[in-house]
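In what follows, a structure is listed as structure tokens, so that the remarks can point back to it.
Bear in mind these aren't lab numbers, they're just calculated from the coordinates by the rules spelled out. All figures in this text were calculated on a predicted structure; none of them were measured in a lab. All Cβ positions, even for glycine, are placed from backbone atoms using ideal geometry, and neighbour counts span all protein chains on display.
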Amino acid sequence: MDITSDSHSQHISRQFNQELEELKTHLMAMGGLVEKQVQDAVFALLEGDTRLAEQVRDNDRQVNDLQLQIDDECTRVLARRQPAASDLRLVLAVIRATSDLERIGDEASKIARNALLLSESSSTIRGLVEVRHISEHVRKMLRDALTAFARFDTDLAMQVVREDELVDDEYSSAMRSLMTFMMEDSRSITSVLSIMWVLRALERVGDHADNLAEYVVYLVKGLDIRHSDTDELEPQVPKKS
Amino acid sequence: MLASLHSANTSQAPVAHFSSEHSCLSIDHFSLAYAGKEALRELTLSVPRHRVTAFIGPSGCGKSTLLRAINRLHDLNESVTHSGQITLEGQDIHDPQMNVTELRRRVGMVFQTPNPFPMSIYENVAFGLRLQQRMPKRKRDDIIEWALTSAALWDEVKDRLHRSAWQLSGGQQQRLVIARTLAVQPDVLLLDEPASALDPISTLKIEELIRNLKSELTLILVTHNMQQAARVSDYTAFLHQGELVEYGPTDQVFTNPRLQRTENYITGRIT
Amino acid sequence: MMNSATHTASRRRRFSRVNDVWPWLCAASVALSLLMLGALLALLLVRGLGHFWPATLEEVTLDSGETFAGQAVREVALPQRAGDERLYFTGNQDIEGVRWRWVAIDDIAERAQPDDLIRLDRSPWGDFIGRLVAIEQHDQRWEGDAAWQRLNALLVLPASQRQDSQLLLTTVDGQTLRQPLASVASAQAPNAMSVWQKTLAWGDAVWRFLSEGPRAANTDGGVWPAIFGTVLMVILMSVMVTPFGVLAAIYLNEIAHQGRLTRLVRIGVRNLAGVPSIVYGVFGLGVFVYGIGGSLDEWFFSDTLPSPTFGTGGLLWASLTLALLTLPVVIVATEEGLARIPEAQREGAVALGATRLEMLTRIVLPMAAPAMLTGVILAVARAAGEVAPLMLVGVAKLAPQMPIDGEFPYLHLERKFMHLGYHLFDTAFHGEDVQAAIPLVYATALLLVLIVLVLNLTAIFLRHYLRRQRGNEC
């Protein structure tokens, strides 16, 4: 039995409704902030905007604070409401999601740090195309995962899960070509390494977005699809007819 | 142990079934009416042996009625009519050959408000024993001590067995009632909201007791406290307006119920 | 013109005044009831017990020179004559012909209280008031103080040993009398007695009242047979009514289907409690005495007919009639006790495997025992006081034999018996000597009240004990 996004608004206790709504709202706010962090960090890297990169690193504090705040709210709901069934799954999903979002924030910080490092280098930087490509991919994944969370949309979530495989492939091929670069031109090693860290961070962002999508499925259907192969997943998570 | 668990299906309620070797009590299309007004409608479920099964549901859904049907307490009420079958270890409990008093010995009952008799603690526990064949005093004393120990009350009352039972606190009285029921060594224990009149500590003690008794008996617990059902039971049946809505392992019912009705009740949503 | 605020305020004030007055009204009615009860008891105690106190004897000399001796009883203002009159008890019925004398107070010249005036309690002529001249026993003669001491010594002996003694007595106006000692019950010189001696004499008189039978057609002597008869009848009645009443209540409350018929029966039972008791007497007379009693006589006692054995009023029919009278009370009280037992107790017993009968006998009845006793208490209180039906079914003004005696079958259910209530009624209204009856009526009434009180207190204590055993009120 699937739940819908507004089923959390029908409790007899209006205060409980409010608490759950606030959880969702705050999570979305954190998601939005983190999304912007990733976008800004990549932009700073591609455009060499050091000021923006500094800003991203400063804002990470805000992301961490949000995580603490949301976790605290979740603890309180668990203690006071003893939620059951879908309410319980929602709270658990939110707790897990804040963790992943916080990590995404950290990855954005790393990208920003590398952006600062690369801005000091004067030579042409290789691999920016791959960065742009993969970053757009994972940013879309993140946005979709958050949308799926907001709308309790398992189809969109499953799409995100499948996308992650494509991102992993893209990442592998990007890494291979950058390796070749490094071997060809030993002067470029430092900058290429930085780019490789950036790519790796972006790949991690994709994994975290994939986790978020899995939490959506858990939340809506009660199925825990973490660590499952995508092939096994299809029959268990039927598409909405 | 679970023989099958029907998947979510619009035409049939998701109901756990147990094979005959694992089920102690089975209810088959059982309906009951008070003076023509229907209280239970075509209930079908089987209760596993040596497990705690909880019946939950809103007020008036029929859970207490069902419980009282199992030990035929409705026989005391002339206006009750019923159809369908309830089988205890293979025997139909409404069979004319079935001795009702023996049935009630095998299926013990604990009520919502503790109802110890106006006698001493000893005599309360001995009441059921005295109904049976005479036994030597020492044997009776032993059984009473065993029953009070099983009910986690022995240490508190062993020095005052001959004082009146009405001097005990509410939680102690309820445990005394449980001891009194255990003394006749039933197979099944029916508990009708046993802790709803008690304070939280007594409630926890009763719940602990229920968990411990599982190894010897089959327990059926009716409760309107969902957290209690979640804490204590292995299987949970959700009844609504006299019908069985959902019945399955407690973990599943409380984390991922199959039907929206169950979900709504468990999470406290307006139905 | 009041606006809403003041209107509410004034309503509140009025309400609070009613609130103040109401508890006082209740207290006043309680006080009034207690006052009436107290007055009744006080009247009975003073008039009843006072009768036995050795009264002062006066020697009265009238203006005309006539003298007589007696006990002043009371004064009355008579409208026809100017001034008040005083009633004296003079005794000496064998000499004077009357025992009482009214004297106009104005006619009294002198009232003296000489120490040597004595009062003898004797039968068959009642009290003697006068002086002791001498005692003669065989050839011996004692006079003066010695005579008085000898008299007291001899009175201690039983009547059989006093056959040969005689008293020489004289009244205050000089008439003499020989009185055999055997027929004298007691002798007092009340004017010479100290308070302590009077108290002893009072105690002795009360005891004789309680332990002796009546004399002189119920105008003198004691009421022991009436006490015995009343208590015996009440006990028999209780024995008969309790099982029937309790069983009927159990049936109505526990076993019968609670439909229209049961409700009708219950209404009928409650209405029976309101039927006038004389109607029960008539019923008892017709059905028990003539109907069943007559048949019993025909079957078992035909050799003594036409003199009826059971075909006339007797102890059995009287007890049975009163049992019928008090049956509704016992049924109602027991039913209320049964109804107060929570259903949870019954269910608890049944859920342990008790049969209906076991549940009733082991749980319900013991819990209802205090209520059953309440019913019996009420029955006893009612029965001990009912007189009207008994007049038709078994009491006698003067019973020749006691219902329990030494001859087989020891308890004679067919005999008539004496009853305190009836004795009171008879003494007060059918005696010839009205003045003599008055103090006896008070004494008997006091006794009746005390007996009912004792019976009730016994049952109340028993009920209290049962309740305490249970640990709590049910």
Report task. Provide, as a two-decimal number, the C-alpha radius of gyration of the protein assembly as shown over 2.2 N^0.38 Å, N being how many residues it has. Result -> 1.68
Report task. Mind pulling the angle between the C-alpha long axis of helix C:195-211 and the longest principal axis of chain C? Nearest 10 degrees, somewhere in 0 to 90. Result -> 60
Report task. Among the lysines, select those whose C-alpha is under 24 Å from the C-alpha of B:Lys205, and discard any that sit fewer than 8 residues away in the same chain. Result -> B:Lys63, B:Lys158, B:Lys214
Report summary line: Proxy exposure order for B:Ser64, A:Ser119 (fewest C-beta within 10 Å first) is A:Ser119, B:Ser64
Query raised in the report: Over the Cα atoms of segment C:123-184, what Rg and Dmax result, in angstrom?
Result: 11.1, 33
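Between beta-carbons, use under 12 Å as the cut-off and find the net charge around C:Leu420, counting Lys and Arg +1, Asp and Glu -1.
-2
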Query raised in the report: What translational diffusion coefficient, in µm²/s and rounded to a whole number, does the Stokes-Einstein relation yield for segment B:18-265 at 10 °C and a viscosity of 1.306 mPa s, taking the hydrodynamic radius as the Kirkwood radius over Cα pairs?
Result: 85
**Report entry** Within-11-Å neighbourhood charge of B:Gly57 [Cβ basis; K, R +1; D, E -1]
**Finding:** 0
Report summary line: For B:Lys63, A:Lys221, B:Lys137, ascending order of other Cβ atoms within 10 Å (fewest first) is B:Lys137, A:Lys221, B:Lys63
Requested in this report: Please order C:Arg356, B:Arg68 by the number of other Cβ within 10 Å, starting at the fewest.
Outcome: C:Arg356, B:Arg68
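Which value at 222 nm does chain A reach when only helices count, each DSSP H run of 4 or more adding -39,500 (n - 2.57), with the total divided by all residues and rounded to the nearest 500 deg cm²/dmol?
-29500 deg cm²/dmol
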Requested in this report: Measure out, as a whole number of angstrom, how far apart the alpha-carbon centroids of segment B:226-242 and segment A:18-47 sit.
Outcome: 41
**Report entry** Only Lys, Arg (+1) and Asp, Glu (-1) charged, at Cβ; segment B:18-265 dipole about Cα centre in debye
**Finding:** 700
Report task. Measure nothing fancy, just the Cα-based angle from helix A:154-184's long axis to the longest principal axis of chain A, in degrees from 0 to 90, nearest 10. Result -> 20
Requested in this report: For every helix of n ≥ 4 consecutive DSSP H residues, a contribution of -39,500 (n - 2.57) applies; sum these over chain B, divide by its total residues, and give [θ] at 222 nm rounded to the nearest 500 deg cm²/dmol.
Outcome: -10000 deg cm²/dmol
Requested in this report: Please say if segment B:160-228 is rounded, prolate or oblate, where rounded means a/c under 1.5 for a ≥ b ≥ c the square roots of the C-alpha gyration tensor eigenvalues, and otherwise the choice is prolate for a/b larger than b/c and oblate otherwise?
Outcome: oblate
**Report entry** Along each principal axis, Cα extent of segment C:20-117, largest first, Å
**Finding:** 68, 32, 24
Requested in this report: Using the Cα centre as the reference, give the magnitude of the dipole from point charges on the C-beta atoms of chain C (Lys, Arg: +1; Asp, Glu: -1; all else neutral), rounded to the nearest 20 debye.
Outcome: 3080
Requested in this report: Any chance you could tell me what percent of the C-alpha pair distances in chain C go past 28 Å?
Outcome: 67
Query raised in the report: What's the center-to-center distance, using Cα atoms, between segment B:102-147 and segment C:334-372 in Å?
Result: 16
Report summary line: Rounded to the nearest 5, the percent of antiparallel DSSP beta bridges in segment B:18-265 equals 60
Report task. Take the alpha-carbon centre of segment A:155-183, take the same for segment C:63-96, and report the distance between them in whole Å. Result -> 142
Query raised in the report: Is it possible to state the helix-based mean residue ellipticity at 222 nm for chain C, with each DSSP H run of 4+ residues giving -39500 (n - 2.57), the sum divided by total residues, to the nearest 500 deg cm²/dmol? What is it?
Result: -17000 deg cm²/dmol
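How well do other chains shield peptide C:341-351, expressed as the mean number of their Cβ atoms within 10 Å of each residue Cβ?
For this peptide, the per-residue mean of nearby foreign Cβ atoms is 6.
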Report summary line: Hits for chain B under the membrane-span-like helix rule (DSSP H, Cα axial span at least 15 Å, Kyte-Doolittle mean at least 0.0) are B:121-131, B:200-213
Report task. Return the tail of the calculated pair distribution for segment A:11-230, meaning the percent of Cα-Cα pairs more than 23 Å apart. Result -> 49
Query - Listed residue (A:Met141, A:Gln55, C:Val46) projecting farthest to the positive dipole end of the protein assembly as shown, Cβ model - result: C:Val46
Query raised in the report: Based on the Kirkwood radius over alpha-carbon pairs, what value in µm²/s does the Stokes-Einstein equation return for the translational diffusion coefficient of segment C:267-314 at 20 °C and 1.002 mPa s?
Result: 181
Report summary line: Partner shielding of B:65-71, as the mean number of partner chain Cβ atoms within 10 Å, equals 1
Requested in this report: Compare the peptides B:124-131, C:269-276 by average per-residue count of other Cβ atoms within 10 angstrom and give them in order, highest first.
Outcome: B:124-131, C:269-276
Query raised in the report: In peptide B:103-115, how many Cβ atoms from other protein chains are near each Cβ within 10 Å, on average?
Result: 3
Query - Point-charge dipole on Cβ atoms (K/R +1, D/E -1) for chain A, about Cα centre, debye to 20 - result: 420
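Can you check what the net charge comes to around C:Ala333, using other residues whose Cβ is under 13 Å from the Cβ of C:Ala333 (Lys, Arg +1; Asp, Glu -1)?
Residues close to C:Ala333 contribute a combined charge of +2.
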Report summary line: For chain C, the longest principal axis of the Cα atoms and the Cα long axis of helix C:315-339 enclose an angle in degrees, to the nearest 10, of 40
Query raised in the report: For chain A, modelled as a Gaussian network with Cα springs under 10 Å, which listed residue fluctuates most, A:Arg139, A:Arg200, A:Arg81?
Result: A:Arg81
